[in-house]
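The values are calculated or read from the model by the stated rules, or taken from the named source; none is laboratory data. From a predicted model like this one, the values you see are computed outputs, not experimental measurements. Cβ coordinates were reconstructed from backbone atoms using ideal geometry, including for glycine residues, and neighbour counts include every protein chain displayed. Side chains are part of the model used for accessible areas, which takes the heavy atoms of the whole protein and leaves out ligands, DNA and RNA. Shrake-Rupley method; radii C 1.70, N 1.55, O 1.52, S 1.80 Å.
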Amino acid sequence: LPLIREGDDLCALICERMLLKNGDIICIASSVYSKAEGHTRSLNEIVPSEQACRIAGKTGEDPRFIQAVVDASDEIVLEYPFVLSALPCGHVGVRAGVDQSNIEDEMVILLPPDPMGAADDLREGFFTAAGVETGVIVTDTCGRSFRRGQTGHAIGWSGMTAIRDFRGDTDLFGHVLKITEEAVVDEIAGFANFVMGESNNGVPAVVFRNCPSWEGHDNLYFSPDEDIMRKLLKP
Ligand code: GDP
Ligand code: MN
Ligand code: MN
């Protein structure tokens, strides 16, 4: 794919290069979706607030960049050693997922403000462009608790449930599973992220074919009340 600019029709560009089939799951990097939809900001046009300057003083980052993070956040869960944000869509991520890579100098890429809507729109776009019924996962590279290393996470999805629910199933010995809910959209996003790479691969879309379907639900995010890590970080 070329460098993506505001106004580009991502679905058409992908369908020109790949013959999609019914049932395919297409993972799209949130960075390119945001560039196509104009969810970007120029640092030169940002005047940092007192709060942004204060946080930037602690993290050693550009106050204008921190202002973009603050503006994208519903709540700042942690300020230092890195800014951890809860976004309006439910995602909790470092620097609110605001990126300075794979875009021109002095520009930042925001996460899509409505990632679920983004996935719906892309799914519709693939139907319009190629007449195919697909699933879509909008991905971002995210850090994790307890482990070093970033992995791909699903921040929006359409055409599937986020979770494959094993509760009530029996294991090989007849025990009833009580807890296991598999976050399948994150597993797929994780492998997509591996194919995409992080730097100059230029591969912002990955197609999964012949995935078996699954059943479950969409409650991927803990509610603030269930989220023990969030309560520990910000009682
Ligand atoms: P993020 O994980 O959504 O934040 O996106 P990344 O910046 O890590 O990029 C994911 C993949 O998409 C990498 O292979 C990038 O090189 C690629 N990529 C990012 N922007 C573009 C673009 O405008 N055009 C193309 N062809 N690839 C891009
Ligand atoms: Mn990103
Ligand atoms: Mn990435």
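Per residue, the convex hull spanned by the Cα atoms of the range 1-126 amounts to 105 cubic angstrom.
At a probe radius of 1.4 angstrom, the accessible area of the range 43-200 per residue rounds to 53 square angstrom. Once neighbouring chains are kept in place and the probe is 1.4 Å, which whole percent of the accessible area of the chain is contributed by carbon and sulfur? Roughly 51 percent, rounded to a whole number. A straight chain from D114 to D218 at 0.36 nm per residue would run longer than the Cα-Cα distance by 35.9 nm.
Extension gain, R148 to F166, is 3.7 nm, computed as 0.36 nm per intervening residue step minus the present C-alpha separation. Extending 7 Å from the Cα toward the beta-carbon at both N44 and V94 defines two label points whose distance is 3.0 nm. Here the chain yields Rg over Rh of 0.99, to two decimals, using C-alpha coordinates and the Kirkwood radius. Of I179, I28, the residue with the largest accessible area leads and the full order is I179, I28 (1.4 Å probe). Peptides 33-41, 74-82 ordered by packing proxy, namely the average of other Cβ atoms within 10 Å per residue, highest first: 33-41, 74-82. Per residue, the convex hull spanned by the Cα atoms of the range 53-125 amounts to 89 cubic angstrom.
Largest first, the extents of the alpha carbon coordinates of the range 63-188 on the three principal axes equal 57, 42, 24 Å.
Gap in Å between the Cα centre of the range 1-49 and the Cα centre of the range 178-194? Centre-to-centre distance over Cα atoms comes out at 23 Å. Stretching the chain fully between N22 and R5 yields a gain of 3.3 nm (0.36 nm per residue, less the alpha carbon separation).
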